[in-house]
Amino acid sequence: MRAVVVVPSTAPKVKTDAIQYYGAELVTVAPTMSARLAATEELAARHGYVLIPPFDDRSVIAGQGTIGLEIAADCPQADLVLVPVSGGGLISGIAAAVRACCPRAAVVGVEPELAADARDSFRRGERVAWPAADVQRTIADALRVEQVGVLPFAHLRALVTDIVTVTEDEMRAAVRLLALQARLVAEPGGAAAVAAWLFHARELPSASTAVAVLSGGNIDPELLARILATD
């Protein structure tokens, strides 16, 4: 089936190469959410494409919720689940499933401190947008979203206990530990939840069994090499 994928011009080459390798058409736009929305809406209107949003969509949220079902099935004793937050779809689905299956479990979101719009939104009780130029500063390219979606924000308010932030160096350290000790390749955004458990345990709800969702392994090989070479 024909697929067209709209990505920011700052997307890592390892991700854009994979999109093209699997046969999708790649469309690059300015690194802002408004540019991505405008491009996808224009393409859908011109060609009749079916639009698949990245996070602000009930079906996408439900699909990502299957991760929460797996956590509940494989680790029913879990009382803390840490999830990286970008646009909020992933944590929305996981929180809905985990809280339904394990009502006593706390679900906590994790963001880079350089792109903490979801944390600010959560604490203010209303959606807060960060400038696109600000969120571009983080090494965690998967988490460079200026504002959580409308549906995800409703899930955050109803089902999530808190949102904490991690530093750039903490994410690098988590990537390095996962590679060297767990033999798992993670991109910085994917390792954010592990970074929160490693470095911010005092900020998290007390837990006897914690689960950190490792949500992405598309890291540039040169970046991974540099991180692994750092003491």
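For the reader, a short list of remarks on this structure follows.
- Members of region 1-49 found to be open to solvent by less than 50 Å² (accessible area, probe 1.4 Å) and polar (S, T, N, Q), listed by number: Thr16, Thr32, Thr40
- Criterion violated by Ser215 - all others in (1) polar (S, T, N, Q); (2) surrounded by 19 or more Cβ atoms within 10 Å (Cβ to Cβ); (3) modelled with pLDDT of 95 or more satisfied: (3)
- Within region 23-44, residues that are on the phi < 0 side of the Ramachandran plot reach partners that are open to solvent by 30 Å² or more (accessible area, probe 1.4 Å) and in a helix (DSSP H, G or I) with beta carbons closer than 6 Å, at six or more positions or on different chains, in the pairs Leu26/Ile19; Leu26/Gln20; Val29/Arg36.
- Some residue of region 17-25 being touching a strand residue (DSSP E or B) at 6+ places or on another chain (Cβ under 8 Å) and among the aromatic types (Phe, Trp, Tyr): no
- Among (1) in contact with a Leu (Cβ under 6 Å, 6 or more places away or on another chain); (2) under 19 Å from Pro54 (Cβ atoms), the one test that Gln147 misses: (1)
- Taken as a whole, the structure leaves Leu151 outside the set of residues that are over 19 Å from Pro12 (Cβ atoms), in contact with a strand residue (DSSP E or B) (Cβ under 8 Å, 6 or more places away or on another chain) and not β-branched (Val, Ile, Thr).
- Among the candidates Leu82, Leu51, the residue that is modelled with pLDDT under 95 and aliphatic (A, V, I, L, M) is uniquely Leu51.
- Thr209 falls short on exactly one of the conditions (1) surrounded by 18 or more Cβ atoms within 10 Å (Cβ to Cβ); (2) β-branched (Val, Ile, Thr); (3) under 18 Å from Ile71 (Cβ atoms), and that condition is (1).
- Within region 4-27, the set of residues being more than 18 Å from the chain's Cα centre (by Cα) and charged (D, E, K, R) comprises Lys13, Asp17, Glu25.
- Scanning region 57-82 for residues that are free of Cβ contacts under 8 Å to residues at least 60 places away in the same chain and open to solvent by less than 10 Å² (accessible area, probe 1.4 Å) yields Gly65, Gly68.
- When region 19-34 is filtered for residues that are among the aliphatic types (A, V, I, L, M), part of a helix (DSSP H, G or I) and modelled with pLDDT of 95 or more, only Ile19 remains.
- The helices (runs of 4 or more DSSP H) located wholly in region 83-200 that include 2 or more residues which are touching a His at 6+ places or on another chain (Cβ under 9 Å) and either among the polar types (S, T, N, Q) or buried (at least 24 other Cβ atoms within 10 Å of the Cβ) (or both) occupy 89-101.
The values are calculated or read from the model by the stated rules, or taken from the named source; none is laboratory data. A quick note: this is a predicted structure, and the numbers were derived from the prediction, not measured. Virtual Cβ from ideal backbone geometry, glycine too; neighbours counted across all protein chains shown. Side chains are part of the model used for accessible areas, which takes the heavy atoms of the whole protein and leaves out ligands, DNA and RNA. Shrake-Rupley method; radii C 1.70, N 1.55, O 1.52, S 1.80 Å.
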